[in-house]
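Notes to accompany the following structure.
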């Protein structure tokens with residue numbers, strides 16, 4: 001009996017050992033197959049990247065050739081061989097807004113004078129310093145641009161020996177691709193919209209009336225959104241400048257491709273301004289860029305007067321919560337140092353989120369609805385930012401976002417407002433928002449408001 005038990009145990013042990021060997025073999029085989037798949041995946045990906053790079057180089061060369069041949073034909077000159085533009089100019093994409101202080105904007109020739117361009121970007125309104133020198137202008141832009149630029153006047157050539165990181169903008173610039181939609185209104189304000197030939201929006205997307213008319217008439221054509229431009233169209237129609245918002249920093253390969261095609265890229269960073277007139281003041285830069293200095297100075301003075309008239313207003317201590325709800329269900333408020341936040345304060349109110357701690361440098365800050373409730377529950381006014389999210393048109397729409405809004409003081413007292421959807425394109429009138437805030441907190445006439453509408 002005992003012998004039989006030993007035999008059975010031996011058989012069981014043998015079977016177990018065999019099973020273990022089979023499992024180990026299977027494990028090693030599987031591991032090998034996984035490693036092999038990983039290797040082939042990496043190899044294929046590397047080859048795909050190389051093919052994509054070669055394709056882009058070839059595409060850039062082909063489109064550049066087309067551009068040069070087109071220019072040659074326009075001038076009536078014959079050539080025997082294709083002309084290629086060197087696609088190897090280094091690209092410097094800066095995602096950190098704090099890093100922009102490391103470069104300088106070089107404008108126009110050193111022996112030229114720029115009129116009516118004060119220390120404009122990021123400065124508070126000043127009554128003096130008009131008719132400054134070019135060196136003064138360069139210094140003003142030093143802290144706000146992420147690239148090095150040199151404006152070369154029409155009929156002049158760029159100086160020899162320029163550093164490779166300097167982007168030359170040869171004037172006149174009259175075939176612009178406008179992908180920074182918030183800037184179109186500034187160009188319209190100085191009567192330079194005819195210098196924009198390519199749009200990043202369809203006609204239906206424009207709230208700037210002259211831009212919409214230009215597209216409907218064919219004077220301006222759709223060239224794809226900022227992340228998917230029509231490269232061939234831009235090249236064949238001789239685009240001479242792409243004006244991009246900071247959104248292009250999320251698509252660095254697009255910027256690289258545009259620059260490979262010898263189309264300079266200018267990134268507008270006006271949205272990072274903290275002062276109420278900071279964003280509007282960029283019009284002086286575009287005035288210098290498009291030979292509209294006098295018009296730009298006059299327009300900025302008119303907008304500065306709006307803010308100047310509010311400087312003696314006493315703060316009412318009434319609180320305003322400016323926000324929207326993103327697709328993830330988070331409340332998005334403005335950074336306390338943002339120009340919108342400062343406009344609220346200048347208009348005679350208190351930004352409900354003035355004590356928000358955020359050092360990200362971003363203009364908008366997402367927070368949880370719980371965090372939003374803790375701060376905004378007792379706010380005197382809620383302002384929903386419909387320029388970002390236009391789905392809230394009634395109080396019911398707001399309550400559908402979060403039923404807890406029913407407990408908010410502003411909702412109970414009927415003090416919920418929304419911005420006009422067009423606000424993000426109305427950079428030329430953004431100073432009026434300060435006046436709207438003052439009318440709001442002082443019980444002024446709502447019909448005089450430009451951007452605010454009461455929800456019911």
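Read the figures in this text as sums done on the coordinates, not as results from a lab. Since we're looking at a predicted model, the values are computed, not measured. Counting neighbours? That spans all protein chains shown, and the Cβs are built from the backbone with ideal geometry, glycine included.
Observations on the structure shown:
- Computed over Cα pairs, the Kirkwood radius of segment 311-454 leads via Stokes-Einstein (1.306 mPa s, 10 °C) to a diffusion coefficient of 105 µm² per second.
- Ranking of 420, 157 by neighbouring Cβ atoms within 10 Å, starting from the fewest: 157, 420.
- Ordering 402, 447 from the fewest to the most neighbouring beta carbons within 10 Å gives 447, 402.
- Residues 449, 423, sorted so that the one with the fewest Cβ neighbours within 10 Å comes first: 449, 423
- Placing a pseudo-label 7 Å from each Cα along the Cα-to-Cβ vector at residue 317 and residue 174 gives an inter-label distance of 6.0 nm.
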